[in-house]
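Participant: My questions all concern the structure below.
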Amino acid sequence: MQITLDKFGRILIPKKLRERLGLRPDDVLEVQLEDGKLTLLPQRTPPPLRRKGRVLVVESGATADLGQALIHLREERLDELSR
């Protein structure tokens with residue numbers, strides 16, 4: 001996949017990739033340069049834990065839309081079958 005750098009040095013991460021990674025507006029990405037390769041790493045804070053009785057429970061929302069994830073998996077499988 002190729003993307004184009006605009007005149008301000010910005011890139012657009014394609015929607016399908018953002019959905020697969022669960023990226024949302026205002027998410028923080030770390031930028032690394034290694035051996036001439038530019039790497040973007042999502043910086044996620046661990047979800048908060050709380051104790052419910054004697055069990056630790058994660059208080060967190062969904063990171064992505066389950067329906068979109070299923071559609072994407074079906075598309076990938078269909079692509080593999082058509083090869």
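Participant: From the list Thr4, Thr39, which one is more than 18 Å from the chain's Cα centre (by Cα) and of a type in the set (S, T, N, Q)?
Facilitator: Only one candidate passes the filter, namely Thr4.
Participant: Now for a different question. Taking the stretch 1-44 as the search range and keeping residues that are under 18 Å from Ala69 (Cα atoms) and touching a Pro at 6+ places or on another chain (Cβ under 7 Å), which one is surrounded by the most Cβ atoms within 10 Å (Cβ to Cβ)?
Facilitator: Only one residue tops the list, namely Leu23.
Participant: Let me ask something else. Do the conditions hold for Arg50, that is, is it open to solvent by less than 100 Å² (accessible area, probe 1.4 Å), at pLDDT below 90, out of contact with any Phe, Trp or Tyr (no Cβ under 6 Å at 6 or more places or on another chain) and among the basic types (Lys, Arg)?
Facilitator: Answer is yes for this residue.
The values are calculated or read from the model by the stated rules, or taken from the named source; none is laboratory data. Note that the coordinates shown come from a computational prediction; the quantities given were computed from them, not determined experimentally. Don't worry about glycine lacking a Cβ; one is built from the backbone with ideal geometry, like all the others, and counts go over all protein chains shown. When the accessible area is computed, the model is the full protein with side chains, heavy atoms only, and any ligands, DNA or RNA have been set aside. Shrake-Rupley method; radii C 1.70, N 1.55, O 1.52, S 1.80 Å.
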